[in-house]
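> Starting off with a structure, shown below.
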């Protein structure tokens, strides 16, 4: 299938590692020109032709400047994929006992509000000829245990649907994906993690490239019908039925 992404300009936040990096690679493979936004401003070695812009998504002025710079360098901006988020740390105390006020606010500011800041800055470019936004959330939106993890991810769902309703009439679609445990370059050599990630209905671990393939489709012109959709990308969690 020709996804129609050749020549399109795409901005990927958090695109220097993990799922964001995999998405940036997949979009590039489809012929899109890609800009990577990260706090460090480091260029991914795998993407020598990528534009690199620097911003912390909690800083609105920096986000606006980075988005403007990316659009100028690419010559257009058709796609935004938000994947810049705090890492979920193992071994945290669950529930109310593990709730840290400052950490909670920082998580929501970085992921949920940070995504909204990026889309707000990019919207004037996207609405010129339609556009696609894909927000990477996570299965913690559908699970208890970490209050911060649940809230920051379910907030992304709420923001995504609001943006879908708001920008849809202007030709921009907004979708949200929920990866589960995902094998990235950071954990690829951890057999315990890979084994745990494979405990899904498919019987194999989901990789960052698997997630990126779906995100790339949703970021393409052919995926307009998915506006407002939330897509689970965890290989099939046994048991729950999502209506």
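The values are calculated or read from the model by the stated rules, or taken from the named source; none is laboratory data. All of these numbers come straight from a predicted model, not from anything done at the bench. Here the Cβ positions follow ideal geometry from the backbone for every residue, glycine too, while neighbour counts run over all protein chains shown.
> Do the conditions hold for residue 153, that is, is it at pLDDT 95 or above, farther than 28 Å from residue 106 by Cα, crowded, with 16+ Cβ neighbours inside 10 Å and in contact with a strand residue (DSSP E or B) (Cβ under 9 Å, 6 or more places away or on another chain)?
So residue 153 fails the test.
> Any idea which of (1) at pLDDT below 95; (2) exposed (fewer than 15 other Cβ atoms within 10 Å of the Cβ) is the one residue 142 doesn't satisfy?
Unmet condition: (2).
> Kindly indicate which of 188, 198, 158 is out of contact with any strand residue (DSSP E or B) (no Cβ under 7 Å at 6 or more places or on another chain), free of Cβ contacts under 8 Å to residues at least 60 places away in the same chain and closer than 13 Å to residue 230 by Cβ. Steps first, answer last, please.
Working: 188 fails: closer than 13 Å to residue 230 by Cβ; 198 fails: closer than 13 Å to residue 230 by Cβ.
So the residue among 188, 198, 158 that is out of contact with any strand residue (DSSP E or B) (no Cβ under 7 Å at 6 or more places or on another chain), free of Cβ contacts under 8 Å to residues at least 60 places away in the same chain and closer than 13 Å to residue 230 by Cβ is 158.
> Something else about it: Which residue, of 62, 71, is closer than 24 Å to residue 4 by Cα, in a helix (DSSP H, G or I) and over 18 Å from the mean Cα position of the chain (by Cα)? Steps first, answer last, please.
On the way: 62 fails: closer than 24 Å to residue 4 by Cα.
Unique residue meeting the criteria: 71.
> Continuing with this model, one more query. Return the residues of segment 22-31 that are closer than 20 Å to residue 69 by Cβ and buried (at least 24 other Cβ atoms within 10 Å of the Cβ); say none if nothing qualifies.
So in segment 22-31, the residues closer than 20 Å to residue 69 by Cβ come out as 23-24, 27-28.
Selection gives 23, 24, 27.
> When you check residue 168 against the structure, is it assigned to a loop (DSSP other than H, G, I, E, B), at pLDDT 95 or above, within 30 Å of residue 123 (Cα to Cα) and in contact with a strand residue (DSSP E or B) (Cβ under 9 Å, 6 or more places away or on another chain), yes or no?
Answer is no for this residue.
> Ok, one more. Would you check which residues across segment 45-55 are closer than 23 Å to residue 220 by Cα and part of a loop (DSSP other than H, G, I, E, B) and list them?
Narrowing segment 45-55 to residues closer than 23 Å to residue 220 by Cα: 46-53.
Of everything in segment 45-55, those that are closer than 23 Å to residue 220 by Cα and part of a loop (DSSP other than H, G, I, E, B) turn out to be 46, 47, 48, 49, 50.
> Is it the case that residue 228 is over 13 Å from the mean Cα position of the chain (by Cα), surrounded by 15 or more Cβ atoms within 10 Å (Cβ to Cβ) and at pLDDT 95 or above? Lay out the reasoning, then the answer.
Numbers: over 13 Å from the mean Cα position of the chain (by Cα): yes; surrounded by 15 or more Cβ atoms within 10 Å (Cβ to Cβ): yes; at pLDDT 95 or above: yes.
Answer is yes for this residue.
> Continuing with the same structure: Do we find that residue 160 is outside any loop (DSSP other than H, G, I, E, B) and at pLDDT below 95 in this structure?
Details: outside any loop (DSSP other than H, G, I, E, B): yes; at pLDDT below 95: no.
For residue 160, the condition - outside any loop (DSSP other than H, G, I, E, B) and at pLDDT below 95 - is not met.
> Tell me whether segment 33-53 contains one or more residues that are free of Cβ contacts under 8 Å to residues at least 12 places away in the same chain, surrounded by fewer than 17 Cβ atoms within 10 Å (Cβ to Cβ) and touching a helix residue (DSSP H, G or I) at 6+ places or on another chain (Cβ under 9 Å).
Step one: of segment 33-53, the residues free of Cβ contacts under 8 Å to residues at least 12 places away in the same chain are 45, 48.
From the residues that got through so far, the ones that are surrounded by fewer than 17 Cβ atoms within 10 Å (Cβ to Cβ) too are 45, 48.
From what is left, the residues that are touching a helix residue (DSSP H, G or I) at 6+ places or on another chain (Cβ under 9 Å) are none.
No, segment 33-53 contains no residue that is free of Cβ contacts under 8 Å to residues at least 12 places away in the same chain, surrounded by fewer than 17 Cβ atoms within 10 Å (Cβ to Cβ) and touching a helix residue (DSSP H, G or I) at 6+ places or on another chain (Cβ under 9 Å).
> Test of understanding: among 125, 115, which residue is in a helix (DSSP H, G or I), touching a helix residue (DSSP H, G or I) at 6+ places or on another chain (Cβ under 7 Å), buried (at least 23 other Cβ atoms within 10 Å of the Cβ) and at pLDDT 95 or above? Give the steps one after another, and end with the answer.
Working: 125 fails: buried (at least 23 other Cβ atoms within 10 Å of the Cβ).
The unique qualifying residue is 115.
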